[in-house]
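This report concerns only the one structure given below.
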Amino acid sequence: MRQSIIILGAGLLGRLLAYSLAKKNYQVAVFEKSPLEHQQSAAYAAAAMLAPLAESVSCELPIVHMGFYSLTRWPTIIEELNANIFFQHNGSLIIWHQQDASVARHFQTQLHQVEQHLDQQYARSVHLDTLALKNLEPNLSPAFGEGIYLPNEGQLDNRALLDSLLKKGLELGVTYNWQSPKKPSDFPTNSHTWILDCRGLGSRPQWQALRGVRGEVIRVFAPEVQLQRPTRLMHPKYPIYIAPKKDHIYVIGATEIESEDQSAISVRSTLELLSAAYTIHSGFAEARMLEANAQCRPTLANNSPAIQYLNDQTLQINGLYRHGYLIAPAIVDATLELIETGTSHTARHLAIQIQENHANID
Ligand SMILES: Cc1cc2nc3c(=O)[nH]c(=O)nc-3n(C[C@H](O)[C@H](O)[C@H](O)COP(=O)(O)OP(=O)(O)OC[C@H]3O[C@@H](n4cnc5c(N)ncnc54)[C@H](O)[C@@H]3O)c2cc1C
């Protein structure tokens, strides 16, 4: 008999797990709260930058390792999906205005500290003088006199990925149930069925340590701008990034607010994000606003992900915070190993937390 899998949530983890398990011949059914045409996930709003080193100054070291591991996994996943998904592994850039040089120096010191803990195999950060910066990113405002290049970073087109995972999953026989909010206890447990709870912040009634961290992003069409790689602006008050997607689409983000408010983007955040983008490239003044999104990142106490046993056949996978795309392949590989063998080499190797939960609140 084929083992069946019930997945709650069709965000990033839900879709990647559904596809990965269907490929291994499991019988998979996904239940998602939102309708297909009105997606309400962090996955849909995200910029999908894959930036282990840039993130390293503000996250736990295992996340950096999960990120480098996942950067090697994404090309295979994308190739298997056989779809035209924009994926770039072309490095990222850190820049700052001269008056904020002290913020950049602090960042660089933190970066060097992390680099000491990384294997030699990972490319290091490179300091760029004016000429090197101009050669790397010729279209950048001349106001920037120096920068830091992180060669081993990338990004992908999250929406094309989500669409392809759905399509390929359906082809492999996954059943998707839209507008179907569920919780694990809605399903009887038995030894032939696994339940995977991937509801992001929606899991909070069953995982009290979860909290939301609001993020706001703006998508623009900016034909006058030609940035080639994700670029971060160091700033004491308004640190932002710009992720260039295909066809002159740029994602400008993201605020980081300790709040579970999922209402529309505020005027303040809009002003801050767009003003900062304009200082990076004046061509953003003539850009056309396509969207402004606000979503909450599902976050656990130490801002690190965890896989939790709710019971023998139910796993909750959550807390991907601002690193979902950066680390999802690592988390999914670990989950598959747990389902198939009851243990996970990947989780041990990458220090992914696996824990028991005896405090299920239904
Ligand atoms: C503004 C923003 C920018 C980001 N930028 C990046 C980035 O550049 N790089 C990066 O790596 N990460 C980024 N992230 C983080 C990334 O998007 C998340 O870590 C990731 O989406 C988490 O995946 P998930 O599947 O756990 O949750 P989600 O993607 O949120 O999916 C959860 C799904 O569960 C559904 N659900 C909720 N309740 C129920 C229920 N009761 N029943 C059924 N379904 C339910 C929801 O509708 C949703 O579809 C960003 C996030 C935000 C908000």
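With the cut-off at 20 Å, report for segment 259-358 the share of all Cα pairs above it, as a whole percent. The answer is 55 percent, as a whole percent. The residue list 109, 305, 125 was ranked by how far each Cα lies along the charge dipole of the chain toward its positive end, using unit charges on Cβ atoms, and 305 comes out on top. Scanning the chain for DSSP H helices at least 18 Å long along the axis (C-alpha atoms) with a Kyte-Doolittle mean no lower than 1.0 picks out 324-341. By the equivalent-ellipsoid construction on the alpha carbon gyration tensor, segment 87-147 comes out with semi-axes of 22, 17, 9 Å, ordered largest to smallest.
Rounded if a/c is under 1.5, else prolate if a/b beats b/c, else oblate: with a ≥ b ≥ c from the C-alpha gyration tensor eigenvalues square-rooted, which is segment 107-180? Prolate.
Per residue of the chain, the DSSP helices (runs of n ≥ 4 H) give a summed -39500 (n - 2.57) that works out to -10000 deg cm²/dmol at 222 nm. Annotation for segment 318-332 versus segment 277-292: alpha-carbon center distance of 29 Å.
Each pair of Cα atoms in segment 228-312 enters the Kirkwood radius, and Stokes-Einstein at 10 °C and 1.306 mPa s then converts it into a translational diffusion coefficient of 106 µm²/s.
Computed from the C-alpha gyration tensor, the three semi-axes of the ellipsoid equivalent to segment 1-122 are 35, 18, 14 Å, from longest to shortest. A straight line joining the Cα centroids of segment 88-131 and segment 138-215 runs 28 Å.
With a threshold of 30 Å on the Cα-Cα distance, the over-threshold entries among 183/245; 167/246; 168/246; 33/168 are 183/245. Volume per residue of the convex hull around the Cα atoms, evaluated for segment 42-188, comes out as 179 Å³. A protection proxy built from the mean count of other Cβ atoms within 10 Å ranks the segments 222-229, 91-98, 5-12, most packed first, as 5-12, 91-98, 222-229. Here the chain is treated with +1 on each Lys and Arg Cβ and -1 on each Asp and Glu Cβ, and its dipole about the Cα centre works out to around 300 debye. Average 1/r across all pairs of distinct alpha carbons in the chain, invert it, and you get the Kirkwood radius: 21.0 Å. Here the contact order of segment 196-311, divided by its residue count and restricted to Cα pairs under 8 Å and six or more residues apart, works out to 38 percent. The magnitude of the dipole of segment 1-153, with charges of +1 and -1 set on the Cβ of Lys/Arg and Asp/Glu and taken from the Cα centre, is near 540 debye.
No value in this document is a laboratory result; all are computed from the given coordinates. For clarity, every value in this text was computed on a predicted model and none was experimentally measured. Note that we place each Cβ from the backbone using ideal geometry, even for glycine, and neighbour counts take in every protein chain shown.
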